[in-house]
1. Within the stretch 15-58, which residues are within 17 Å of Phe102 (Cα to Cα) and basic (Lys, Arg)?
2. Can you tell me which of Tyr164, Tyr123, Tyr116, Tyr156 is exposed (fewer than 15 other Cβ atoms within 10 Å of the Cβ), within 15 Å of the chain's Cα centre (by Cα) and of a type in the set (Phe, Trp, Tyr)?
3. Would you mind stating whether Met206 is assigned to a helix (DSSP H, G or I), touching a Phe, Trp or Tyr at 6+ places or on another chain (Cβ under 6 Å) and over 25 Å from Val86 (Cβ atoms)?
4. Can you name every residue in the stretch 58-90 that is under 22 Å from Val28 (Cα atoms) and either aromatic (Phe, Trp, Tyr) or out of contact with any helix residue (DSSP H, G or I) (no Cβ under 8 Å at 6 or more places or on another chain) (or both)?
5. Taking the residues in the stretch 182-206 that are of a type in the set (Gly, Ala, Ser) and at negative phi as candidates, determine which candidate is surrounded by the fewest Cβ atoms within 10 Å (Cβ to Cβ).
6. Does Ala109 satisfy the condition of being over 19 Å from Trp51 (Cα atoms), out of contact with any Cys (no Cβ under 7 Å at 6 or more places or on another chain) and either in a helix (DSSP H, G or I) or not aromatic (Phe, Trp, Tyr) (or both)?
7. So which of Arg82, Arg87 ends up being assigned to a helix (DSSP H, G or I) and within 16 Å of the chain's Cα centre (by Cα)?
8. Considering the stretch 11-57 alone, what residues qualify as being out of contact with any Leu (no Cβ under 8 Å at 6 or more places or on another chain), outside any helix (DSSP H, G or I) and not basic (Lys, Arg)?
Amino acid sequence: MTGETRARLAAQADPAYRDFQHKLMPGVENYLGVRLPLLRKAAAQLAKGDWPAELAAPDETFEEVLLRGMLIGKVKTDPARRLELVRQFVPCIHNWAVCDSFCAGLRDARIYKEEYFSLIQQYAGSDREFEARFAAVLLLTHFNQPEELDRCFEAYRRIRQPDYYAWMGVAWGYSVFAVTDFEKTIAAMEAAGLPDAVWNKALQKMRESYRITPEQKNWAAQHKRGQRGRKQHD
């Protein structure tokens, strides 16, 4: 982001919120403590101006990276240009908050399905934790319709990155797909040969969901597996 934008963000910093965020993401530094509604407002404003200059400037804080992702989703540009901006941004994702916020803002994925699914396929097999999570979260966010489940499950079987935030993204995804088709999702999970940690976390998230029926939650509660560690998919 440009120096002007960085100064505006610094003026909106909330030290108490910064401390709260730091507890949620230990190890992530350079927080300012700017709340999400203010960042979304800033992204909308920047999208109306010289946004290429903003994207060309380096980022120095967590909020600038988050804002960059939001801005990419909001700018008015052609689909091919946005896809290129997405590809350039993915290597900048180093925590779950940036990943999930970025995915949520990529509404083009609901329109240009094939282009974005092709992009997802490129990252599903990545050995980098947050590239794999990006694939998982983009799928659960924009590809959870009944007619899309089969290819979502196929892509999820390619996500074998074993680190925490990658497999947590997969578990979260299965819990979202279960809302669309519970029986089909459980069958896909069984066929995928999930590590116990992923299987159990997916069932936990189903039990926590307000969109899962009591009967389905009861099934999930009864089918927790014995823990054998967070090993990679076989």
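1. Arg35, Arg40, Lys41
2. Checking each option against the conditions leaves just Tyr164.
3. It is false that Met206 is assigned to a helix (DSSP H, G or I), touching a Phe, Trp or Tyr at 6+ places or on another chain (Cβ under 6 Å) and over 25 Å from Val86 (Cβ atoms).
4. Residues satisfying the conditions are Pro58, Phe62, Gln88, Phe89.
5. Filtering the stretch 182-206 for residues that are of a type in the set (Gly, Ala, Ser) and at negative phi, the one surrounded by the fewest Cβ atoms within 10 Å (Cβ to Cβ) comes out as Ala191.
6. yes
7. Just one listed residue meets the conditions, Arg87.
8. Asp14, Met25, Pro26, Gly27, Val28, Glu29, Asn30, Tyr31, Gly33, Gly49, Asp50, Ala57
The values are calculated or read from the model by the stated rules, or taken from the named source; none is laboratory data. Predicted model, so just to flag it, every value in this text is computed and none were measured. All Cβ positions, even for glycine, are placed from backbone atoms using ideal geometry, and neighbour counts span all protein chains on display.
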